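The values are calculated or read from the model by the stated rules, or taken from the named source; none is laboratory data. As the structure is a prediction and not an experimental result, all values here were calculated from the model. With ideal geometry, Cβ positions are generated from the backbone for all residues, glycine too; neighbour counts draw on all protein chains shown. We work out accessible area using only protein heavy atoms, side chains counted, and drop any ligands, DNA or RNA first. Shrake-Rupley method; radii C 1.70, N 1.55, O 1.52, S 1.80 Å.
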Amino acid sequence: LGVHLTQGQMLPFARAAELIHDIYGLSVSPGTLLAWVGEARVALQDTAQQIADGLRAAPLLSADESGLRVAGKLHWLHVAANETLTWYGVQAKRGMEAIEAHGILPKRIGVLVHDCWAPYWRLEDSIHALCNAHLLRELLYVQEITGQAWPQSMMTLLLNANKLCEAARQKQITFSAGDVAAFRTLYDAIVNEGEQLNPMAVKPACLRGPVKQSVAFNLLKRFRLYADAVLLFIADHAVPFTNNIGERAV
């Protein structure tokens with residue numbers, strides 16, 4: 001109960017000790033609770049290793065990361081998860097250093113669903129799939145600030161494609177190569193339309209350093225560069241439309 005209250009329910013150690021005393025009349029110090037957490041960590045190490053091994057071998061997993069305070073200092077919580085397994089790791093630094101230290105994602109062969117965070121692209125052995133929920137939010141924002149039509153066209157394409165994929169999964173059918181190509185043709189046409197309306201900003205000769213590009217240009221660049229990862233859920237119905245599993249774990 002002490003481990004569950006502090007690690008599962010996130011109660012401070014002093015409050016957890018007080019609760020145990022109120023319920024059971026047992027005087028347990030916060031230091032004792034801390035020691036029990038250490039014992040639980042040792043006892044569960046084999047389980048944690050089995051979870052990590054299972055995720056390394058899984059054909060598909062989601063990854064996500066978020067800031068976390070440890071002793072008052074900013075650290076990073078990293079998550080690797082699928083429908084049945086969830087692994088957590090904390091590092092003082094964010095990026096490939098943490099990913100390599102945790103040892104689950106490097107050299108893993110399989111689909112990796114993520115939010116387009118730059119270090120994930122350095123995992124060259126993975127097949128990448130992007131979270132379309134993130135892209136939909138960004139498309140809505142670009143539509144609001146530009147008033148252009150192509151963001152709505154892309155949102156409609158992605159949402160309709162997801163509905164068709166869900167229906168196909170329920171009927172246990174897959175799309176033909178021609179079907180997948182048809183989606184890609186529509187996708188490319190929308191990106192082309194957006195690129196014509198949002199060309200690259202040219203740096204004046206008098207300025208040094210890179211010129212700042214518009215939000216719309218940067219989003220379109222991502223759609224262009226990572227088209228296969230955006231649309232992987234269409235070609236492979238085992239790939240989810242979003243990174244919801246990883247985000248839920250965080």
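Overview of results
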{"read-out": "In region 141-155, the residues that are surrounded by 13 or more Cβ atoms within 10 Å (Cβ to Cβ) and in a helix (DSSP H, G or I)", "value": "141, 142, 143, 146, 150, 151, 152, 153, 154, 155"}
{"read-out": "Residue in region 57-76 that is of a type in the set (Val, Ile, Thr), modelled with pLDDT under 95 and farther than 30 Å from residue 239 by Cβ present", "value": "yes"}
{"read-out": "Options 64, 46; residue that is among the charged types (D, E, K, R) and either out of contact with any strand residue (DSSP E or B) (no Cβ under 7 Å at 6 or more places or on another chain) or not in a strand (DSSP E or B) (or both)", "value": "46"}
{"read-out": "Condition met for residue 66 (surrounded by fewer than 15 Cβ atoms within 10 Å (Cβ to Cβ), of a type outside the set (A, V, I, L, M), under 30 Å from residue 216 (Cα atoms) and outside the structural domain of residue 190 (by the TED database))", "value": "yes"}
{"read-out": "Selected residue (only one of 182, 168 is in a helix (DSSP H, G or I), open to solvent by less than 30 Å² (accessible area, probe 1.4 Å) and out of contact with any Leu (no Cβ under 9 Å at 6 or more places or on another chain))", "value": "168"}
{"read-out": "Looking only at region 205-224, and only at residues there that are open to solvent by 60 Å² or more (accessible area, probe 1.4 Å), free of Cβ contacts under 8 Å to residues at least 24 places away in the same chain and not polar (S, T, N, Q), the one that is nearest to residue 128 (Cα to Cα)", "value": "221"}
{"read-out": "Residues that are exposed (fewer than 15 other Cβ atoms within 10 Å of the Cβ), acidic (Asp, Glu) and assigned to a loop (DSSP other than H, G, I, E, B), drawn from region 96-131", "value": "124, 125"}
